[in-house]
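Report on one structure; see the data block that follows.
Since every read-out is calculated from the coordinates, none of them should be taken as a lab result. Please read these numbers as outputs of a predicted model, since none were measured by experiment. We place every Cβ from the backbone using ideal geometry, glycine too, and count neighbours over all the protein chains shown.
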Amino acid sequence: MNEKPDFSKDANMASTAPAFLSVWDMHSYYGESYIVQGVNFNVHEGEILALLGRNGAGKTSTLRSIARVGEPEVKHGEIWLDHQPLHKMTSYEAAAAGLGLVPEDRRIIPGLTVEENLQLAQIAPPVGWSLERLYELFPRLGERRKQEGITLSGGEQQMLSIARALARDIKVLLLDEPYEGLAPVIVDEIEKTLIHVKQQGMTTIIVEQNAIRALELADRAIILDTGSIVFDGTANEVLENSQLREEYLAI
């Protein structure tokens, strides 16, 4: 039997820039189920990192572990953001330290308008992302600012979720399946927005089943398989390696 190809590597070894977000030997559990198994990686400031893998590989669990949301429970390891020990923080403290998680279900608050959703999240006074600047980034939201958030289309709700995270002047944007159920034209619009915020220095981690779209957007890619990292390299390396894509992404 042929041995499985080993695609594992550390793309950060070639970089002299200090890591902005570091995950070291992270182990996470849902009850007794061992989900994230000794994950290590660095993300540099201003990078877009695609976190990829088949269903059940541990992508969302890794993202939620970084965000300190409670489940899965991180039982071992360290997570550092800009010299701050996230592994010692609650989810609220991690959010205050600069993490902005946009979950798959978006969690738009019922009964509040677009503007009220944003105002509720916004720090006072806003340092980087005022309402006016957010409406420039998402013109559709500006046009619908007085509309109840949950009555927006799916794509517009995703825009609102991202804008709401940015309103807190975060340091790292964590996106869980942002393209789920969206038309390609809306995905294009969201990608242009993510490129724009990257140009402003935003660091982003994106978990996405549409691996090709995520890879075309990202600088780097990490591939997970059964809770462990099997590849850490550039997004182009994955796009150019059909064996790697077939082995771990089924594309």
Can you give me the distance in nm between label points at GLU116 and VAL69, each placed 7 Å from the Cα along the Cα-to-Cβ direction?
2.4 nm
Ordered by residue, what ³J(HN,Hα) values in Hz, to whole numbers, does the stretch 214-230 give under the Karplus form 6.51 cos²θ - 1.76 cosθ + 1.60, where θ = phi - 60° and Gly and Pro are x?
5, 5, 5, 8, 7, 7, 10, 9, 10, 10, 9, 9, 6, x, 10, 7, 10
Under the 7 Å Cα-to-Cβ spin-label approximation, SER130 and LYS146 lie apart by a distance in nanometres of 2.2 nm
Backbone HN-Hα couplings from phi across the stretch 87-95 [Karplus 6.51/-1.76/1.60, Hz, Gly and Pro as x]:
5, 9, 10, 7, 4, 5, 5, 5, 5
Computed D for the stretch 96-195, Stokes-Einstein, Kirkwood radius over alpha-carbon pairs, 4 °C, 1.567 mPa s, to the nearest µm² per second, is 97 µm²/s
Could you sort 148-157, 225-234 so that the peptide with the highest average Cβ count within 10 Å comes first and the rest follow in order?
225-234, 148-157
In a solvent-free Debye calculation with one equal scatterer on each Cα, what is log10 I(q)/I(0) for the chain at q = 0.08 Å⁻¹, listed in the order of the q values?
-0.30
Label points 7 Å out from Cα along the Cβ direction at ASP169 and ILE109: separation in nm?
1.9 nm
Under 24 Å between C-alpha atoms is the cut-off here; go through the chain and count lysine pairs that meet it, provided they're at least eight residues apart or on different chains.
11
Stokes-Einstein D (µm²/s) once Rh is taken as the Kirkwood radius of the stretch 152-251 over alpha-carbon pairs, at 25 °C in 0.890 mPa s
169 µm²/s
Which value in Å is the Kirkwood Rh of the stretch 196-251 over different Cα pairs?
12.0 Å
Between SER242 and TYR30, what is 0.36 nm times their sequence separation minus the Cα-Cα distance? Round to one decimal in nm.
73.0 nm
If you average the C-alpha positions of the stretch 196-234 and of the stretch 63-102 separately, how far apart do those two centres end up, in angstrom?
19 Å
Quick one: 3J(HN,Hα) in Hz for the stretch 57-64, Karplus 6.51/-1.76/1.60 with θ = phi - 60°, rounded, Gly and Pro as x.
6, x, 5, 5, 4, 5, 4, 5
